[in-house]
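A short worksheet on the structure shown next.
Every number here is computed from the coordinates shown, using simple stated rules; none is lab data. Not measured: the values here are computed from a predicted model. Heads up, the Cβs are rebuilt from the backbone with ideal geometry, glycines too, and the neighbour counts pull from every protein chain shown.
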Amino acid sequence: MSVIEPKSIAAKQLKIVSLILKNQLGIAFKELGELAYSSRQGNLISGLENLEQTYKSVLKYSFGYAKDPERNKIFSSIKRQLIELTDDISAHIIESSDEWLILQRRGNYSFSGLSEQEKLSLIDEMAIEKEFNDLLTETNTPSENSAKENSYSELLSGFFNLFWLTNNYSSQEKLLAGRFFQSAQIPWFDKSVIVSAITLSGLRHFDQLKTDILFSVYSNSENQVKQRALLGLVLILIMYDTRLGLYEEVINRIKALEAPEIFERQVEQIVLQLIRANETEKVTAKVQNEIIPEVMKLRPEIEEKLRLDELLSDKTQEDKNPDWEKFFGDTPNVYKKLEEFSNLQMDGSDVFMGAFSMLKRFGFFDKLSNWFLPFYKEHPEIQKSVKGVAKGNFDWGTFFDGIEQAPVLCNSDKYSFAFNLGFMPDMQKTMMLEFFNAELQQMKEVSISDNKHNSTAVDKVIFAQYMQDLYRFFKLHPRKGSFIDIFGRNNEAIYAGFVSRVLPEKKLRHIAEFYFQKDYFKEAIDIFTGLTNELQSFELLEKTGFCYQKLGNYEKAIEFYKKAEILDAGRNWLLLKLGFCYRNTGQFDKAVEYYKRIEALEPDNLEVQAFLGQLYIDKEDYETALKYYFKVEYLKPDLVKVQRPIAWCSFSLKKTEQALRYFIKVAETDGKRVDYLNLGHCYWSMGNLTAAIDSYRMALKLSGNNINWFTNAMYKDAIYLNSYQIEGLDVALMVDYLTWEPV
């Protein structure tokens, strides 16, 4: 039996699970057999063989004897066991080749090997230590406090590793988690760390007991802890949504929740935040390459920004309808660079990933659990990091209170910021801290005012910060290769079966609108087209058509635009889009029909006149095209973009004097390589060979002496030159004359 490479195991695992879910168990058993023997684990191999015998018995009784009324239930049970066995075998092969994971398990062996009762006693010991440590802080010496903190921290790390590294939970892990999360003495931020351990474990290896624990934490814990548990739960269920049909218990837990409307709202917030997280690289690039440079060079640019020569661009054909309702009405004008950064922040986008990505090298982050630790000012490492920094009357308490309350920094970045203080020059530290302290105090006051009576806003901040903590871990941790990157999946995966199962259509619509706002048009279509007729509307039909248009499927775009037209035939934006799509499908007469309807409503609309001109060029009706372009020129005399088609139409109609006049205007004003190429054609057609050669040479020069471009362009335009009795041989000779050892 050949050994399977570990890097191919994950793909093999997905393939086998897919076969099982498609009821192709015979093939799945064969494929899994290869993995099982590759693992060289007798218990896994025998488990597979026993399950295979059970399945053969089901097959035998299905066709050899009376039909078993429990057959479907038994078949589902076999599928579930087979998937879980696939997970176990795949995990063993992958993890046995990861030396870092092996070392982590080995380092935690003495702790994980303790009995259940011993572990329960350790949790009680942690609770007692935490309760009395704060009371004795003032009387103990620093060394005594440090010793107690280290003892508590080591126990917490032990439990973190236990929950993280255990693939299949038993009743022991469930009991330990219950005792840990029910302890009133263990603070919420340490409970949050254990939630992350369970989440990491669940993402790596699906286990219903892990989801049970997270459901329980969500139902019974402090708000910060329960929201982290819900986010972890949603990530796990989205990742493994295809198999949830075999886990009725999970679906029943959702149905049994006491406040389903709150759960639905929070799941919606999490999914939207996950979409934002998948945009982090785009946001980081935008901040670094667009917003910061624009702010740095900010100056009055009104004249440039209002250039009317952009009037005839294709941009308006691709724009969204300005009349559409904004589903996220608090969004400010994203075209104002000074407001855009603030807009991204308030929207929950991760704007600081680039700034803090290089600040994860402090020793604090060597401990895996610290990547998920909520920021709190009493943390010993924080106190140590600012010891002796900015002495005097500086109010560290207020400063760190502000850091804790800051909604725009995730916890991981707050620790990075605090640790980085020690590396700043004293004067810079003092000035920066005083400024930042004032800003944080104001931010804190605004945050308290906004969130005091708004649980939705509070939840949004928790979800955003925790999602960003997770993003930094999966993207920046030195051993990130040992983890499945949940943010490396396609956005389509975010709209999963789990989401459609737990959210009502109105909230699915919100998610679709968010996809649409972020230009994820395929994902938006998937939801838009699945909504029931009750939610279909004129605007939704328009948006669905627009999605198809942006994806280049103009036929489908026309289909939805036409449906919208039935409901309201007088919308200019819709008429414009139908004309645009008909043109892109080659239906020029239909396109003309729609642009003329707009022309009747807006006779002086330059865009409409210009596109009608373009359509008549498409139809090779140059005379009519000229009429439209001359009208545009009359309204905007110096518009170079309209002078080009006037010149070309005139040339095509053999109005050479008129064509030459316009070709020269364009070349002198905004001459590009193609402008000088056309000017050369015009001179040649008029018999002025010297001027033609000079123009062609300028075209070559502006192309960077791109001989391929020039040759192809000349041969392509030969049909127009032929109409002036310039033969194909003449064109070939001209090309060689100018490009073969040019004079």
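Tabulated data for the structure shown
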item: Cα centroid separation - region 173-210 against region 504-559, whole Å; result: 39
item: Estimated vicinal HN-Hα couplings, Hz - region 182-189 in sequence order (Karplus 6.51, -1.76, 1.60; Gly, Pro = x); result: 7, 5, 6, 7, 6, x, 4, 6
item: Paramagnetic reach from residue 30 (point 7 Å along Cα→Cβ, amide N under 17 Å) across region 75-91; result: none
item: Computed FRET value (nearest 0.05) for residue 282 with residue 618, which takes r as the C-beta separation and R₀ as 35 Å; result: 0.50
item: In region 114-277, lysine pairs with alpha-carbon atoms under 28 angstrom apart (chain gap of 8 or more, or interchain); result: 24
item: Förster radius 35 Å - calculated FRET efficiency between residue 125 and residue 43, Cβ distance, rounded to 0.05; result: 0.55
item: Cα→Cβ-extended label distance, 7 Å offset, between residue 705 and residue 539, nm; result: 5.9
item: Neighbour net charge for residue 252 - beta-carbon separation under 13 angstrom, K R +1, D E -1; result: 0
item: Spin-label model distance (nm) - residue 725 vs residue 77, 7 Å beyond Cα toward Cβ; result: 9.5
item: Where labels lie 7 Å past Cα in the beta-carbon direction, separation of residue 668 and residue 600 in nm; result: 4.3
item: Local electrostatic count, residue 196, Cβ distance below 13 Å [Lys/Arg +1, Asp/Glu -1]; result: +4
item: For residue 240, residues with placed amide H under 5 Å, excluding near neighbours; result: none
item: Subset of 15/475; 518/562; 282/550; 562/596 violating a 21 Å alpha-carbon distance limit; result: 15/475; 518/562
item: Efficiency of FRET from Cβ geometry, residue 454 and residue 658, R₀ 56 Å, rounded to 0.05; result: 0.25
